[in-house]
Every structure is written in structure tokens, then in C-alpha cells.
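Take a look at the structure below.
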Amino acid sequence: MPLLQSLVLPTAEHEVALALYVDAEGTPAPLQHTRTGVGVPTGRSVSFATYFNAFPASYWQHWTNVRQVTLTVTTSGSGEIALWTSDAAGRATRRESRAVAGDLDTVVFSLVLDRFDAGGWAWFEASASSALTIASAEWSTDAEVLQPGRLALGTTTVNKPDYAVATLRTIADDPVLVSELERVVVVDQGTRLVQEEPGYLEVVARLGDLLTVIRQPNLGGSGGYARVMAETLGTDAAAVMLVDDDVQVETEGILRALRFFRHCPEPRLVGGHMFDLNHPTVLHAFAETVRDDIFFWGPADVEHERHDFGMATLKDTPWLHQRAEARYNGWWMCLIPTRVIREIGLPLPLFIKWDDVEYALRAGEAGFATVSLPGSGLWHLTWLEKDDTLDWQAFFHARNRAVTALLHLETPHRFPVASRRQDLRSLLSMQYYAAELRRQGLAAVLAGPDSLHRALGTTLPALRGIQPQYREMTAFSAADVPEAYQGRAEYPGDALTKTGIGLAPQGPLRVALTAWLALRHLIVPVKAQAAVRPQRELTRRAAQWWRLGALDSARIVGADGTVNWNTRDRARFRRYLRDSIRQHRALQRDWPRLREQYRRALPELTSLETWQRTFHG
């Protein structure tokens, strides 16, 4: 019978994330466990209603041909194994139980998937009469495999060879995963080379001919992943799993995505969830979507953007039992069938940002949906501690969002208004470098698609080249920036809010405050003292536009101790505000023409032949 999911326990490096694997509340710690099993102390119980060990029944019923699953649990010792299920509201039901005794006893449960379409999980719980060991557990099916074939796995890295080698070592440590792999591709675009990293020769010896390492100039994430896809098309792989470079993988999650894909009647993009590498039990988002009105990404459920399984278990969290619809999955972990690549092409040459979103939207329009599969996740370095819309990435955020909108929206809706509002927030925050890069990004959009491939290798150096002209982009040591002459701004209410940054003004108050702050930046001279000494000190998380906009300068202190110094510049404010209004008017006016231009260019921009010229030329 085809295997769908195996019981797993954490490796040593993920022991801090034990709550994602087993719920052992009330059981003395630490639990004794292997990779595939766990000991249950006498008189205690453990539950596998956890992220990595519950079975996401609703996803299998809705998306695949699987209509019945079999749970097989192998034990030693005496106790009881009980099968549980939940519904979309999170209500748990004990289905049946079996007594176990002796060495290597096996119990089997059958579960029909006929009432889980809206949501629900299945799991088992174990109670020990005497010392009980769960040796292994597997969920399997007799349903036919519809998408046969093996998996290619690829990553692209820029100067993170330690992460890349660690990922390769983790893959090599899992013989089941290795047996399912057609190829492993690493596209190295940095100056600190993977091939020179300690431990590289060891993983080469272990992975052998499976591993291919390719060096190429830095063409960004889109260029690196496009190369992985292009290499995959030259193999017999049925799909390619893209993973980011700064991650720690759970190999069982990769296998689950592959097995899920194999049972889909039509090829699907199967994404994995992201956990915070610095806070390993915190889930970033359960599913992500794109709002068509303002055209921006975000969690499908805005009320539950981040969830800490260390604080609230699966059983304690009803919303996690609803089946979530995703429009895209980030390329920190995403399986893409090779049939999809052959039919819709490679990524757009966007360098970084929005390439994964655009690809999923394009695939969806071609009939290939995206599923973010629970139980298929990894740990990724979070970007939430730093706003990447303020550094060189601001150009790519602005340009690529607009390009993606032109390709996938018939009319601009509220997008130009939302984009212009973002320009204004940068200006009110005295972030003139970000404003300049957003201006350049929209200028590139208005100029048309012809330069996208040509600009892949040259845009980033140009953006970084002008950064020294903007003082707010310098990370000073604390001693190099004078103390604020009005002292530190304290916001005691911030600690009470979910985000830790205080409540933003809303509704009419937001409109009135924005207008007043903009008028102030236009006509009120900058205080002379503020030009040579910061006016106020704020933490980086408290440095929001509605606060910075009322200041002439600010000393902004980051969690790492570095300090940024933002100073108001009336001339820059006026120039960038004027350019923003002009550019967004042109975008609104020329939307039909630009939309047609970009859509007509799309097949060539994403073709294998065009990308091959970029790779080699």
C-alpha cells in the first residue's frame, strides 16, 4: 500500500521544537525518543495531535483520490492506542481504541475520508499501563498513484554555503528521501562558495551522482530557481522541490509533499509551511493569498498570521482545523510538477520578490492550483525583524508588484492608490532611499518589459551604488550618533498589541493625520537643531510612519544595537511626492496598453531558450 505519512520525532537540532511532534502535557520531560518512535512512561499518555504527526484528512479528501487510509502502529509494552478525528470547528471525536501488549504488537485502524472536506484532522493517542514504546506508525492507502515519478530537489544560494551544506547533509542522512530523489541541484551565485565550505566533500561522497553544483553570476532568486527548473527539465523527475538557502529542512515534510502530489488527479503545486528559525514552534502563516483590490500578498486568515504551537496545541486551536485555501506558497519550500514548468514556462526574470507569487498565479490561471500542505514544513530565517522594503529590495518590491499586477489584473482597481500611499509612507518616515528606489522601479515598469532579462545582473550593483547618498541607510554604532535632544519616545501601549508596534490610526483619523503630516513635510522648515542632532529616539519596531512623520529627525535603535539616523529633507520630499503622483497617474492611464505589452512578452520572457541565453551569456 502506498505510504502517505510516517510518524517522526525531532532530530537533535530540532529538539526545541518537540511541541510540533508530540503533545506530552503532564509527562515528565524529557521524553525518550528515536527518530521514528517514543517511550510513554507508565501511567502517562501522549497525543500525536501535532503539526508534524497529525494526519491532515481534509486536504487529502479534497485534493486527492484518497478515500480511505490505514493507520498502522507498532508498539512494545502494554497500554492503549486510540484513534481520534476532528471536524472543521476543531471538535475532537474518539473513534475507536485497541489494547496493546507484548513486544512488537501491531494495531491497525481504517478511516474513511468522507466527512472532512471543510476541515479536520486524524491522529492517535497512546496511554501506558506499563512502560510503553511506540516503535513506529504509518498512514497508508490502497488508492492508485496518479502522478508517478521521482523528485528533483533544488536550492539557490548567495554567500550562505554553511546553510547549503547543512541542508545537503540532512538530505543525505535520510535514506528514504534519497531513494526518492532523481537529482539534487545547488545553484551557487555567491562569492563564498559552497564547494569550499567545510563538510562539502563529505556530502559529495554521500550523495554521489545525485548532486550537481552549478556556479553562475548572481541573477537573484528568480535566476537561481529558473536554473534549478531548467536543469530539472533535463531529467526524468516528475516534480522539483524548491527550498530556500537559509533554512533547516524536515525531510519527512518533503516526502509528504511528494506523496500528496502523486495522488492528485491533476498536477498541483504543493507548498510547505514556514516556521521561524529563531522561534522554532512559531508558524508564519497557514495559507497565503493575494488581495486583488490593492494587489498585495498576506495570510489568507488575517486574524491568525502567526501561531505558536508551544503556547497553544493543535487541539487547543480550532481555526487550524479548517481547510485553508492558498493562492500561492513561498519558495522557501514548494513542489512544482515538471508538467507545469513545460506548460507555463520558467519564472519571470524579476531577480527577487514576487517571482513565486507571479508563478503561482500564472499556474492557477492555467488550471494548476497551489496547496499549502499541513505537516510539510521547514524552518526559515524570519524577515519580520527587518523591513526589507526600506533597503535595496524596495526597487524589486515596487517594480515586481506592478509587473505581476499588470499580468494578472484586468483593471488596476485600487492598486495605484495603494502603491502611491506606500510611497508617501516612505517619505513621511524620512526614508528617501526607499522612495528613490520605488521611483526607479515604477519608471522601469512604465518603460516596458524589454529590459527585464538584461537588467538581472546589473540592477543590484547600481542600487547599492547610490545608497551612500542617503544617511538614513547607514547603520551607525550607538556612540556615533548623538543622543536625541528630546529624549526617548516611550509607547507603553505597544507591549499590549499583537505586533508590538502600537495601533496604527484607522479610518477618517488616518486620512486626516496623513494629510496633516504631508502638509507639514511640504511647508514647515526643518528645525536647525534637528539637522545636527536627532530630535527623538525610537526603537526600530516603534518607528512607524505616523510617528516619524511628526518629527524632524529620529535616532532609531535596532535590536542588534545599531542606530539609524533619519532626517527630514523638504526638497527630497517635494521631488519624490511629485514624481510619485505623476508616475501613478501614468500607470492608471496606460494600464490597458502596458497590460497588453507585458502579457504579449510573457511567453518569451519565461521560455527556456531565453533563460538559457541569460544563464550563459
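Laboratory data are not the source of any read-out in this text; all were calculated from the coordinates shown. None of these values were measured; they are calculated from a predicted model. Every residue, glycine as well, gets a Cβ built from its backbone with ideal geometry; the counts of neighbours run over all protein chains shown.
At-a-glance table
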quantity	calculated
Projected-area average for region 3-140 over all orientations - Cα convex hull basis, square nanometres	7.9
Sorted by Cβ density within 10 Å, fewest first, the residues Arg454, Arg183	Arg454, Arg183
Helix-only CD estimate at 222 nm, as mean residue ellipticity for the chain, using -39500 (n - 2.57) per DSSP H run (n ≥ 4)	-10000 deg cm²/dmol
Dipole axis of the chain (+1 Lys, Arg; -1 Asp, Glu on Cβ), positive-most option in Leu602, Leu18, Met430	Met430
Mean-position separation - Cα centroids, region 186-210 and region 553-585, in angstrom	42
Hz values of 3J(HN,Hα) by residue in region 351-357 - Karplus curve (6.51, -1.76, 1.60), Gly and Pro given as x	6, 8, 6, 6, 5, 5, 5
Per-residue Cβ neighbour rank within 10 angstrom, fewest leading, Ile336, Ile134	Ile134, Ile336
Phi-based couplings in Hz for region 245-256 (Karplus 6.51, -1.76, 1.60; Gly and Pro marked x)	7, 8, 9, 10, 9, 9, 5, 4, x, 5, 4, 5
Extension gain from Arg215 to Asp450, taking 0.36 nm per residue of separation minus the Cα-Cα distance	82.0 nm
Lysine pairs with alpha-carbon atoms under 19 Å apart, the chain, spacing 8 or more or separate chains	4
Antiparallel bridges, percent of DSSP beta bridges restricted to region 266-395 (to nearest 5)	60
Tilt relative to the chain, helix 591-605 - C-alpha long axis, 0 to 90 degrees, to 10	50
Estimated vicinal HN-Hα couplings, Hz - region 234-244 in sequence order (Karplus 6.51, -1.76, 1.60; Gly, Pro = x)	x, 10, 8, 4, 7, 7, 10, 9, 8, 10, 6
Förster-model FRET efficiency, 51 Å R0, Ala443 and Arg169, C-beta, rounded to 0.05	0.70
Net dipole in debye of region 3-140 [+1 Lys, Arg Cβ; -1 Asp, Glu Cβ; about Cα centre; nearest 20]	220
Nearest-0.05 FRET efficiency for Ala131 and Ala99, computed from C-beta distance (R0 25 Å)	0.95
Distance in nm between pseudo-label sites at Leu193 and Gln506 (7 Å out along the Cβ direction from Cα)	5.5
Neighbour-count ranking [beta-carbon atoms within 10 angstrom, fewest first] of Trp139, Trp379	Trp379, Trp139
Rounded to 5, the percent of DSSP beta bridges in the chain classed as antiparallel	70
Residues whose placed amide H lies under 5 Å from that of Leu4, excluding near-sequence neighbours	Trp139, Ser140, Thr141
GluC sites (Glu not before Pro) within region 544-617: DSSP coil, no more than 11 neighbouring Cβ in 10 Å	none
Difference of contour (0.36 nm per residue) and Cα-Cα distance, Leu146 to Arg291	48.9 nm
Angle between the chain longest axis and helix 161-172 axis [Cα atoms, degrees, rounded to 10]	20
Amide proton proximity set for His453, modelled H, under 5 Å, gap of 5+	none
Extension gain (nm, one decimal) between Leu608 and Arg488, 0.36 nm per residue minus Cα-Cα	37.7 nm
Student exercise, the chain dipole from Lys, Arg, Asp, Glu Cβ charges, in Debye to nearest 20	3200
Virtual spin-label span in nm between Thr36 and Arg91, 7 Å along Cα→Cβ	3.8
Sparsely packed trypsin sites (Lys or Arg not before Pro) within region 73-136, loop by DSSP, other Cβ within 10 Å at most 14	Arg91, Arg115
